[in-house]
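Enquirer: Before I ask anything, here is the structure I am working with.
None of the figures in this text is laboratory data; all of them are computed from the coordinates on show. This structure is a prediction, so every number in the text was calculated from the model and none was measured. Cβ sites come from the backbone with ideal geometry, for glycine too, and all protein chains shown count toward neighbours.
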Amino acid sequence: MKPTHIITVFKVLTTIGFYFLLFITAAFFVFSLINIASNQSFNTPTLKNNNYKVISFSDNKGTTEVKYSDNKQLRYQLLQNEYYVQINPSSPFGYYTMLLTFVYLLLGIFTLRTFRKILKEIQLEAPFTGKIVRLLKYVAAVFIIADFIKVINYIIFNQYLHQQMPTLGFKLQSEIGSGFIIGAITWIIVAIYQRGVELQTENNLTV
Amino acid sequence: MLARRKMSLTELSEKVGITMSNLSILKTGKAKAIRLETLEALCRVLNCQPGDLLDYRE
């Protein structure tokens with residue numbers, strides 16, 4: 001597959017992803033407004049945005065017995081200290097979770113929009129441009145910011161869970177770190193790319 | 001150098017074999033580097049030495 005074809009495929013994919021995410025964000029916004037306007041508790045359509053998986057650290061039940069598949073190639077265990085927590089969408093914390101989801105969706109839209117711009121800007125004859133460096137910096141920053149928000153949310157959420165149900169010792173299940181790693185890797189790529197821009201400029205100005 | 005030889009930039013670019021935009025880069029001092037073959041061609045066409053075309057400034 002030629003590089004131009006790969007770029008075209010990525011262009012199509014990011015465009016589809018971008019408009020799909022725009023649609024999801026618009027739908028989420030409408031559902032959120034319905035939630036706020038109707039002021040009902042757990043019965044309004046919410047796109048399941050306020051369902052969260054948590055682990056109880058004070059639950060003594062722990063795990064049940066281990067079971068095996070028929071051919072003994074697989075074993076499984078039912079975890080009893082995992083819970084789904086649903087936040088009342090018409091409560092202040094419900095509004096907070098809505099806002100947070102909205103922020104994540106906006107960050108996603110921004111990232112896809114930036115990717116589209118990068119793919120539009122790429123020219124295989126002269127691949128290194130200052131504009132792409134700037135756009136890649138935005139992407140790196142978004143990944144780091146998204147993970148930073150995740151860390152803040154983890155702290156706030158656990159604080160809230162502790163306030164609501166102190167005896168169960170709920171902790172939010174959240175994967176933190178991938179955004180920081182991707183952001184850091186992107187930043188390294190930006191530094192290398194920047195050197196590429198300098199070399200290309202030097203090459204262009206060599207007569 | 002060009003005035004002394006009564007040569008235009010277009011004529012020079014044709015004889016040396018470099019584009020007008022590259023010649024402009026050279027003339028305005030924006031060039032980061034010059035290939036030895038370009039310098040050689042310039043010296044041949046202008047009938048001069050590299051030192052006549054290059055000078056060091058701080």
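Enquirer: Give, as ranges by residue number, the residues of region B:27-45 whose backbone N falls under 12 Å from the point 7 Å along Cα→Cβ of residue B:15.
Expert: B:41-45
Enquirer: Just check region B:9-48 against the gyration tensor rule for me: Cα atoms, a ≥ b ≥ c as the square roots of the eigenvalues, rounded for a/c under 1.5, and otherwise prolate or oblate depending on whether a/b exceeds b/c.
Expert: Numbers: a/c = 1.85, a/b = 1.20, b/c = 1.54.
Oblate is the answer for region B:9-48, as a/c is 1.5 or above yet b/c matches or exceeds a/b.
Enquirer: Just counting partner chain Cβ atoms within 10 Å, what average do the residues of peptide A:201-207 show around their Cβ?
Expert: Across the residues of A:201-207, the mean count of other-chain Cβ atoms within 10 Å is 6.
Enquirer: Is chain A best put as rounded, prolate or oblate by its Cα gyration tensor, with a ≥ b ≥ c the root eigenvalues, rounded for a/c under 1.5, and otherwise prolate when a/b is larger than b/c, oblate when not?
Expert: Details: a/c = 2.36, a/b = 1.79, b/c = 1.32.
Judged from the Cα gyration tensor, chain A comes out prolate (a/c at least 1.5, a/b above b/c).
Enquirer: Using a 10 Å cut-off on Cβ atoms, rank the peptides B:23-29, B:52-58 from the highest mean neighbour count down.
Expert: In decreasing order of mean packing, B:23-29, B:52-58 become B:23-29, B:52-58.
Enquirer: How large, in Å, is region A:158-206 by the Kirkwood hydrodynamic radius built from its alpha-carbon pairs? Walk me through the intermediate numbers first.
Expert: Numbers: mean 1/r = 0.0680 Å⁻¹.
For region A:158-206, the Kirkwood estimate is 14.7 Å.
Enquirer: Moving to a separate point now. Which three numbers, in whole Å and largest first, are the semi-axes of the equivalent ellipsoid of region A:91-161 derived from its Cα gyration tensor as √(5λ)?
Expert: Values: eigenvalues 238, 28, 7 Å².
Sorted largest first and rounded, they come to 34, 12, 6 Å.
Enquirer: How far apart, in nm, are the 7 Å Cα→Cβ label points at residue A:86 and residue A:67?
Expert: 2.6
Enquirer: As an exercise, use a Förster radius of 30 Å and the Cβ-Cβ distance of residue A:106 and residue A:9 to find the FRET efficiency, rounded to the nearest 0.05.
Expert: 0.70
Enquirer: Checking the cross-link filter: which lysines have an alpha carbon closer than 28 Å to that of residue A:72, excluding same-chain neighbours under 8 positions apart?
Expert: List returned: A:61.
Enquirer: How many lysine pairs in region A:86-176, separated by 8 or more positions in sequence or lying on different chains, have Cα atoms less than 19 Å apart?
Expert: 5
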